[in-house]
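One structure is given below, encoded as structure tokens.
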């Protein structure tokens with residue numbers, strides 16, 4: 001059974017729905033240790049004072065803010081605790097908005113919300129009402145001593161909560177400086193049409209199961225081969241070269257042709273079984289007709305033989 005990482009209630013208006021929070025993510029990252037290459041001894045990291053080899057006990061370490069190089073404002077645990085957000089047990093809904101109004105750049109970590117014991121009906125009512133409205137609830141709540149902004153959604157009778165970034169945590173594109181061109185290059189109308197055509201030809205219904213973590217799979221396979229004592233030959237990775245402006249049209253045309261070729265191949269592959277099935281059906285029908293004709297001919301000969309007797 002899943003373990004709740006937080007308990008509280010969804011609060012809006014005069015309604016309170018007791019809920020439990022569950023993680024919606026199962027991390028699949030591969031844990032790698034640090035060892036010394038000569039004898040495989042584990043590497044351990046120590047907290048030492050800068051300029052010395054003296055290890056500092058955890059209880060003697062305090063947080064500090066560096067105002068100028070080498071100048072710090074220390075903050076004690078009590079001072080930090082006094083500023084910590086109030087540990088309320090409420091997910092306080094502030095607004096209901098349309099999902100398409102939220103830029104995905106604001107979403108962070110997803111969670112499931114389940115009903116607390118005895119709150120099943122109120123939970124189901126809220127989930128059904130939110131699903132019917134198509135709205136997303138924007139709320140605030142405190143998790144692990146940190147105030148979070150969150151989006152609550154309903155799907156198939158289940159409430160989900162996704163923590164969000166505050167507006168000042170998202171870097172506006174205008175602050176990237178010279179990372180982006182000052183003036184956008186002029187795009188040829190024909191080039192844009194071809195690019196749109198390529199996007200249309202590659203469009204599909206989103207299926208999350210169709211995408212795999214290929215790096216993790218390859219890393220696991222590499223670990224298995226090395227564990228079996230097989231020799232590993234590292235291949236040099238080639239960086240893709242940017243398409244030059246004069247070659248854009250040619251690259252677009254080739255890309256569209258390649259996608260069309262794939263689609264034609266799939267269509268032919270799908271048509272082959274159908275063609276075989278039709279061919280078999282025709283052969284079966286022809287065999288049936290032949291058998292029927294043969295039976296009628298035998299019956300006719302038998303009748304003539306009786307009449308002559």
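Any read-out appearing in this document is the output of simple, stated calculations on the displayed coordinates, not a laboratory observation. Only a predicted model underlies this, so the values are computations on that prediction, with no experimental measurement involved. Here Cβ is always computed from backbone atoms with ideal geometry, including for glycine, and neighbour counts include all displayed protein chains.
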* Per-selection metrics, the stretch 38-131 (Cα): Rg and Dmax in Å -> 23.7, 63
* Asked: If you take the Cα atoms of the stretch 62-196, find Rg, then find the Kirkwood Rh from the mean of 1/r over all pairs, what is Rg/Rh?
  -> 1.14
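Determine the relative contact order of the stretch 1-103: mean sequence separation of Cα pairs under 8 Å and six or more apart, normalised by residue count, in whole percent. Before the final figure, lay out the partial values.
Details: 84 pairs, mean separation 25.8, N = 103.
With pairs under 8 Å counted, the relative contact order is 25 percent.
Just round it to a whole percent: the fraction of Cα-Cα distances in the stretch 158-240 exceeding 18 Å.
On the way: 2665 of 3403 pairs.
Of all Cα-Cα pairs in the stretch 158-240, 78 percent lie more than 18 Å apart.
To one decimal place, what orientation-averaged projected area in nm² is obtained for the convex hull of the Cα set of the stretch 106-161? Provide the component values of the computation, followed by the final result.
Numbers: hull surface 17.3 nm².
The number I arrive at for the stretch 106-161 is 4.3 nm².
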* To do: Ratio to report: Rg/Rh of the stretch 1-45, with Cα atoms as the point set and Rh obtained by the Kirkwood method; give two decimals.
  => 1.41
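Tell me, what is the FRET efficiency for residue 25 and residue 224 to the nearest 0.05, using R0 = 45 angstrom and their Cβ-Cβ distance as r? Show your work: numbers first, answer last.
Numbers: r = 26 Å, r/R0 = 0.57.
E between residue 25 and residue 224, to the nearest 0.05, is 0.95.
Order of 112, 72 from fewest to most other C-beta atoms within 10 Å? Display every interim value, and only then the final one.
Working: 112 16, 72 12.
So the residues, fewest neighbours to most, are 72, 112.
For residue 37 and residue 234, what is the calculated FRET efficiency with R₀ set at 25 Å and r taken between the beta-carbons, to the nearest 0.05?
Computed FRET efficiency for residue 37 and residue 234 comes out at 0.95.
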* Shape parameters for the stretch 78-120, alpha-carbon atoms, Rg then Dmax in Å -> 15.7, 42
* To do: Order by neighbour count: 255, 155, 109, fewest other Cβ atoms within 10 Å first, most last.
  => 155, 109, 255
* Sorted from fewest to most neighbouring beta carbons within 10 Å, what does the list 111, 106, 215 look like? -> 215, 106, 111
* Asked: Using alpha-carbon pairs under 8 Å, 6+ residues apart, how would you state the relative contact order of the stretch 94-226 in percent?
  -> 23
* To do: In nm, give the distance between the simple-model label positions of residue 73 and residue 121, each being 7 Å from the Cα along the Cα-to-Cβ direction.
  => 5.3
* **Rounded FRET efficiency, nearest 0.05, which uses the C-beta distance separating residue 191 from residue 106 and R0 of 35 Å** => 0.60
* Can you pull the three principal axis extents for the Cα set of the stretch 26-82, in Å, largest first? -> 44, 38, 24
